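What follows is a set of notes on a single structure, which appears directly below.
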Amino acid sequence: MTMEQTFIYQSAPVRVRFGAGSQRHVADEIAAIGGTRALILSTPFQKDDADRLAARLGPMAAGVFAEARMHTPVDVTARALTAYDQSGADCIVSLGGGSTIGLGKAIAWRNDAAHLVVATTYAGSEVTDILGETEGGVKSTRRDPRIRPEAVIYDPELTLGLPVAMSVASGLNAMAHAAEGLYAADANPVTSLIAVEGIAALQRALPAIYRDPADLAARGDALYGSWLCGTVLGAVAMALHHKLCHTLGGALDLPHAETHAILLPHTMAFNAAAAHSALRPAAALFGGDLGGGLYDLALSLGAPTALKDLGVSQSDLARLADLAVKNPYANPRDVTRDGVLALLQAAWAGTRPASPGPERTRL
């Protein structure tokens, strides 16, 4: 990296409260974003947690809407907007991970409500201006400053109950944001430094969580890493990896984090030669082989490594490749149907990506 290059860096105005016990300051953070009565969002799985938060907030809680779903279906958003209007709320609190955060973003984009996220996974989407919504089996994305939440609480105590499998998949999902941000068309030295630090933090944290899910320091490290990786996602454009995940998620309603975890080694291997210089710092964390190293990490942590294990049929792959090459995102390597199909076939089978070979010696 030399300072002879030119670039643009736009910082994001997100307030962050980080640290064990931060969950006790939800009322303070609601006030900090200008709210007085919050509609609390969650998935059905976390409804009890949302109800307890509402009880602690007392009159600052306008109600609970616990119907958030993966990939942010627009019909769920319509019901949530009705609940928001009927509750008399003037802001939103999203308690949970990517599904809940996505619903909060969808509401805020439509009515400009202030939005506080209490993160309980390693999604990273809480610090981005990106909204992905699904309708009719198609997932589309948009970016708008109104989509980015105003504030986030990161309390590692809230992630102690996150099952190991979900922790691992969520962390690998976060890594994908940073890894792809390294070769983004609008990447810059600041986001690249953040990306490598985020990947390194998760590389440390996930094996520690796998060994001891109650390791509070590792949980904090994972939240720190996911925050950094999400910051990258919110600052630069994404490429083939995210296009594929959006395509598969929208078309087949696949679990979001697990889909990212499976595809990540293969998308990194696909782009390894074309983005060699940009990926070099991340590859160095894995002995010079980023795709293979990420695959080995996922395998060692018991993460899913094959699309077929998520119920994807081999007969689906051709249709998915066709969808993925429609309106492709900018990517360092040319995106062709044959290339995408070969990538999907390897990810479907769960084979380890090939080593970059001679390129590796230049790291």
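For every residue, the table says whether it meets (1) more than 30 Å from residue 145 (Cβ to Cβ); (2) within 16 Å of the chain's Cα centre (by Cα).
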site	(1), (2)
213	yes, no
218	yes, no
223	no, yes
226	no, yes
234	no, yes
249	no, yes
257	no, yes
272	yes, no
275	no, no
Which residue out of 6, 72, 43, 77 is without any contact (Cβ under 8 Å) to a residue 12 or more places away in the chain and among the hydroxyl-bearing types (Ser, Thr, Tyr)? 6
Can you tell me which of 58, 34 is open to solvent by 50 Å² or more (accessible area, probe 1.4 Å) and at positive phi? 34
Would you confirm whether any residue within region 40-48 is touching a strand residue (DSSP E or B) at 6+ places or on another chain (Cβ under 8 Å), among the basic types (Lys, Arg), closer than 30 Å to residue 248 by Cα and surrounded by 13 or more Cβ atoms within 10 Å (Cβ to Cβ)? yes
Return a yes/no flag: does region 134-148 have any residue that is surrounded by 21 or more Cβ atoms within 10 Å (Cβ to Cβ), over 28 Å from residue 323 (Cβ atoms) and hydroxyl-bearing (Ser, Thr, Tyr). no
Scanning for something small (Gly, Ala, Ser) and open to solvent by less than 10 Å² (accessible area, probe 1.4 Å), does region 67-79 turn up at least one residue? yes
Give region 1-51 a look and list any residue that's modelled with pLDDT of 95 or more, more than 16 Å from residue 117 (Cα to Cα) and of a type in the set (Phe, Trp, Tyr), or say none. 45
Kindly check whether there is at least one residue in region 77-98 that is within 17 Å of residue 140 (Cβ to Cβ) and within 17 Å of the chain's Cα centre (by Cα). yes
Look at residue 259 and say whether it is β-branched (Val, Ile, Thr) and touching a Gly at 6+ places or on another chain (Cβ under 9 Å). yes
Please go through region 178-195 and pick out each residue that is open to solvent by less than 10 Å² (accessible area, probe 1.4 Å) and assigned to a helix (DSSP H, G or I). 178, 179, 180, 181, 191, 195
For residue 202: the one exception among (1) in a helix (DSSP H, G or I); (2) touching a His at 6+ places or on another chain (Cβ under 9 Å): (2)
Which fully enclosed helices (runs of 4 or more DSSP H) of region 47-123 have 3 or more residues being within 16 Å of residue 153 (Cβ to Cβ) and hydroxyl-bearing (Ser, Thr, Tyr)? none
Selected residue (criterion: least open to solvent (accessible area, probe 1.4 Å)) from residues of region 205-237 that are outside any helix (DSSP H, G or I) and among the hydrophobic types (A, V, I, L, M, F, W, C): 236
Which one is farthest from residue 44 (Cα to Cα) among residues in region 103-112 that are open to solvent by less than 10 Å² (accessible area, probe 1.4 Å) and touching a helix residue (DSSP H, G or I) at 6+ places or on another chain (Cβ under 8 Å)? 108
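The values are calculated or read from the model by the stated rules, or taken from the named source; none is laboratory data. Keep in mind that what you see is a predicted model, and the values were worked out from it rather than measured. Virtual Cβ from ideal backbone geometry, glycine too; neighbours counted across all protein chains shown. With ligands, DNA and RNA removed, areas are computed over all heavy atoms of the protein, side chains included. Shrake-Rupley method; radii C 1.70, N 1.55, O 1.52, S 1.80 Å.
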